[in-house]
Structures are given as C-alpha cells and as structure tokens.
Amino acid sequence: MNLLRRAPLLAPSFLAADLANLQAETERLATSAADWLHFDVMDGRFVPNISFGLPVLQAVARYAKQPIDVHLMIEEPQNYLSAFRDAGASIITVHYEACPHLHRVVQQIKQLGCRAGVALNPHTPVALLEDIAADLDLVLIMSVNPGFGGQAFIPNTLKKVAMVKSLLLDAGSDALIEVDGGVNMTNAGPLVEAGADVLVAGNFVFSAPEGPVAALANLRDHLAGLEMNTAAADRRQ
Ligand code: DX5
Ligand code: ZN
C-alpha cells in the first residue's frame, strides 16, 4: 500500500522570517513551493512569548498569494475570530487547551467562512477530539511546546499523528492533519507516512543556507522522491 497517498501541503512559518522585510518575504514565498503561509499569533499568556497580531497579518495579506493559516496561541480566541478573518485569515486554528466551549468556537470560525482547526499541545491526548472530529477542517498536532521557533521535534508526535488519522477515519472526518514544530528533512517523510497532510516549518525554511525558496523546493522534492520509492516498492510486491 502506498502510504504517501498524496503530496503534503507545505506551510512555512513567518515566525522565522525576516520580520523587518515582510513584504519581500511574502513576495518571495509567492512563487515558492509553499501551499499555505503559517502565521503564529502569541499573546504572552497562553504561551510564554509574544509574537505579532492583527496589523501585521493585514500587512502580510496585502502581498500574500497563498491562503494564510493563522495559528492562535492565545487565550479567549473567540473574541478575535472575525478580526482575524477580516485581516486575511483563510484557516483559523485555536488551541483545545484555550477553549472551554470549543464546539461553539469551531462553529463560529466556520460561520465566518474560514476553515476551522484545533491544535493539541504535546501532552494533550488525541482521544479528546473524539466528539469534535466530525466538525473540523484541520487538526494541528504540536510537535514542540508552543511559544518558540527552533525547538527540537518531539518524537512521540509520530504516534500521535497515526492516532489522529485513525480517530478521523472512525469519525468519518476528512479533516487535514497538520504538524507544527521542529519539522525538517529527517522527520518530514515519517510524518507524512504516519498521516500528516500539512507540514509547518519555520527555521528549517528560513534559516536554510540555500534560502527559503530552495529549502521548500528541496523538501518538496525529497517528499516526492519518497513517494516514488514507495510506489515502486508497491509495484514490486
Ligand atoms: C511554535 C509555532 C511554530 C513555529 C515552528 O509555537 O507554532 O509554528 O514557528 O517553527 P520551527 O519549525 O522552527 O519549529
Ligand atoms: Zn504554529
């Protein structure tokens, strides 16, 4: 069986971009292998760091060619959903741990015309999504503790991705599985094989010596190569 059943989407994270040159960064991603632009919002309360918010998203959206994937690492995200939609978000992901009324928040995101995602911190069990899975467009599995770019990938994520995959199948949900944190050339293949549909990458893309456009192209080629090898192995069986 070909486990790499379709090309995963690549979502470079602006957190690692040159924040003094966001127009240039957004424009050079426009013709890259990036499928989505990942935008990390941190409030200094839900996570121990503050990043950027609505005015910066608005500025990026003026130059963006790809859908903007907004990852809200904030408390009380329900108060800001329409503002993020108006600023340019296509996908809005809230944290399970930040939403006592998660079902309502997910419906609100969808009513705004955005895709709705729910993120799980590394310690949050996948099984908690059972009663919301059918309502979701996206499940984001954190593969580091949220708050900072450049952290090491937590290996248990692979098991979690496989568990989400099976939970979504059981729920009849076609939600995409996104993985965020420490993604690189080594873990990307195993993640896709485990069921990941969207790979977020910050430092791997923006700190690459060859530059972000080449780093994304290399990652895309690497994954396509794995897919071809798997397909060839399938044919030999
Ligand atoms: C972490 C953010 C990530 C981060 C990923 O809290 O949600 O999106 O930017 O960056 P890397 O790929 O450097 O771990
Ligand atoms: Zn993120």
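The values are calculated or read from the model by the stated rules, or taken from the named source; none is laboratory data. Quick caveat: nothing in here was measured; it's all calculated off a predicted structure. Glycine gets a Cβ as well: all are built from the backbone with ideal geometry, and neighbour counts include every protein chain shown.
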Practice task
With the checklist (1) more than 15 Å from the chain's Cα centre (by Cα); (2) among the hydrophobic types (A, V, I, L, M, F, W, C); (3) closer than 22 Å to ASP35 by Cβ in hand, flag the one item ALA134 doesn't pass.
Solution key: (3)
Handout entry: Tally, over the range 207-237, of residues that are in a helix (DSSP H, G or I) and in contact (Cβ under 8 Å) with a residue 40 or more places away in the chain
Key = 13
Exercise for the section: Tell me which residues, restricted to the range 212-227, are within 21 Å of LEU22 (Cβ to Cβ) and surrounded by fewer than 20 Cβ atoms within 10 Å (Cβ to Cβ). Expected result: VAL213, ALA214
Exercise for the section: Could you tell me whether the range 202-212 includes any residue that is small (Gly, Ala, Ser) and under 16 Å from the mean Cα position of the chain (by Cα)? Expected result: yes
Practice task
Looking only at the range 149-162, decide whether some residue is touching a helix residue (DSSP H, G or I) at 6+ places or on another chain (Cβ under 7 Å), within 16 Å of ligand 2 (Cβ to nearest atom) and among the hydroxyl-bearing types (Ser, Thr, Tyr).
Solution key: no
Practice task
Could you check how many residues of the range 31-47 are more than 9 Å from ligand 1 (Cβ to nearest atom) and not in a strand (DSSP E or B)?
Solution key: 9
Fill in the blank from the handout: Of the candidates PRO67, PRO48, the one satisfying the condition of being surrounded by fewer than 21 Cβ atoms within 10 Å (Cβ to Cβ), touching a residue at least 12 places away in the same chain (Cβ under 8 Å) and under 23 Å from LEU138 (Cα atoms) is PRO67
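Would you confirm whether any residue within the range 75-85 is polar (S, T, N, Q), within 16 Å of ligand 2 (Cβ to nearest atom) and modelled with pLDDT of 95 or more? Lay out the reasoning, then the answer.
In the first step, residues of the range 75-85 are kept if they are polar (S, T, N, Q); the result is 78-79, 82.
Checking which are within 16 Å of ligand 2 (Cβ to nearest atom) leaves us with none.
No, the range 75-85 has no match at all.
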Problem - VAL106 within 16 Å of ligand 2 (Cβ to nearest atom), outside any loop (DSSP other than H, G, I, E, B) and touching a residue at least 12 places away in the same chain (Cβ under 8 Å) - result: no
Practice task
Inspect the range 128-148 for any residue being within 16 Å of ligand 2 (Cβ to nearest atom) and surrounded by fewer than 15 Cβ atoms within 10 Å (Cβ to Cβ) and give the result as yes or no.
Solution key: yes
Exercise for the section: Report the residue count in the range 192-211 for those that are within 12 Å of ligand 1 (Cβ to nearest atom) and either surrounded by 23 or more Cβ atoms within 10 Å (Cβ to Cβ) or within 26 Å of VAL118 (Cα to Cα) (or both). Expected result: 9
Handout entry: Test for ALA171: is it away from ligand 1 (no atom under 16 Å from the Cβ) and either without any contact (Cβ under 8 Å) to a residue 60 or more places away in the chain or on the phi < 0 side of the Ramachandran plot (or both)
Key = yes
